[in-house]
Amino acid sequence: MLSNLSGFFAKKNEDGKKKPSPFETIIIFIILGVMIVLAGSYLAKPDDAMETGKTSGISTSGTQSASNSPIDGYELITDLEKRLSELLSKVEGAGAVSVMIYADSSSEQVPAYNNVQDTRNDERETGRSSEISETREVALSGNENPVILKVLVPQIRGVVVVAEGADDILIKEQLNKAVCTLLGIPEHRVHVLKHK
């Protein structure tokens, strides 16, 4: 197929052999690229679309599907502690690391609203008056569950990190800065301790 396609564009050179011009070569590569992209999207699994909706961070946004249960603040913090412990233990010289995060007790879900505006006009002898009323209703999905726009994670109040290598000042400082950077909290809310 490629030889037929290139034969369509190609011109004969002095030796009688067909040789495509640079422009024709670019067109062939573009056509091949489009074919590869289309084949890749056709062969992609339909489950990939579902996996992109999963969250890996501590905050989520977008609509919540009917199969997902509401996100609990405790679960978010527990998952964050686990992930932070794994990450900090990879710091050279830190050794085994445990993390505890103190936060507000629950997360807050922000639902989507439908605003409905109703205008009523009255014409009386004294003049014309209009009354505008606006109602705000929670938007519901097909299964009567509210559509959740985003989930606000609990406010982090403090973090304690216990690490084997925390007796080294440089490692202690690296752990402290890493926690502050990842969680977006000031240094005075993070305390790094040596593991016994």
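We did not get these values from a lab; they are worked out from the coordinates using the rules stated. Since this is a predicted model, take the numbers as computed values, not measurements. Here the Cβ is made from the backbone with ideal geometry for all residues, glycine too, and neighbour counts use every protein chain on show.
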Shape call, region 139-196: gyration tensor on alpha carbons, a/c limit 1.5: prolate
FRET E, pair L152, E86, Förster distance 25 Å, beta-carbon r, rounded to 0.05: 0.50
Calculated FRET value between L38 and E134, using beta carbons and R₀ = 41 Å, to 0.05: 0.30
